[in-house]
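See below for the structure under consideration.
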Amino acid sequence: MIDQLEASLAFHQQALSLRQERQKVLASNIANADTPGYKARDMDFAQALESATRGMSQPGLSLSRTSGHHLSGHGSALSLGGSELKYRVPEQASLDGNTVDMDRERAAFTDNSVRYQAALTILNSRIQGLKQAMQPEQ
């Protein structure tokens, strides 16, 4: 039963984790807007989510159990290291080598924030539905 609940929420968990990581990257770009030579970075969210959800069907990291009463734990090896982050190509080069376009970064930051909040709302309604389904009728 718990495995089914976990599986039904796993996609949303992955999406929220990726949105959070993207928000950190975008915030870093905005924070370094005046840093000479800084190269703006971003991630392809759709591709990252696809690779993260593809990993959900395969066994990922497993935890060792010290007792037979423990739940089996496993997770995907989701990593957003430098391999998944891509450098942005600037529309107009700056003299100091910085590639941060504040208009683009603000728009991406706002878009990601709205999508994060929407994902939280969807996840919350999903959890509320599951809680109602588990309540006995009165």
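Here the label points at Tyr87 and Ile122, each 7 Å from Cα along the C-beta direction, are separated by 3.4 nm in the simple model.
A crude spin-label estimate for the pair Ala10 and Ala133, with each label 7 Å from Cα along the Cβ direction, gives 1.6 nm.
Straight-line reach only, C-alpha to C-alpha below 13 angstrom: list the aspartates and glutamates that Lys24 could link to, leaving out same-chain residues fewer than 8 apart. Partners found: Asp42, Glu105. Remark on Asn98: its backbone amide H falls under 5 Å from those of Gly37, Tyr38, a criterion applied only to residues 5 or more positions apart or on other chains, H modelled at 1.01 Å from N. Computed over protein heavy atoms with a 1.4 Å probe, the carbon and sulfur contribution to the accessible area of the range 95-138 reaches 55%. Each peptide in 21-29, 93-101 gets a packing score, the mean of other Cβ atoms within 10 Å over its residues, and the list from highest to lowest is 21-29, 93-101.
Taking a Cβ cut-off of under 11 Å around Ala118, the surrounding Lys, Arg, Asp and Glu residues balance to a net charge of +1, with basic ones at +1 and acidic ones at -1.
The values are calculated or read from the model by the stated rules, or taken from the named source; none is laboratory data. These numbers come from a predicted model, not from an experiment. Glycine gets a Cβ as well: all are built from the backbone with ideal geometry, and neighbour counts include every protein chain shown. The accessibility values were calculated without ligands, DNA or RNA, using every heavy atom of the protein model including side chains. Shrake-Rupley method; radii C 1.70, N 1.55, O 1.52, S 1.80 Å.
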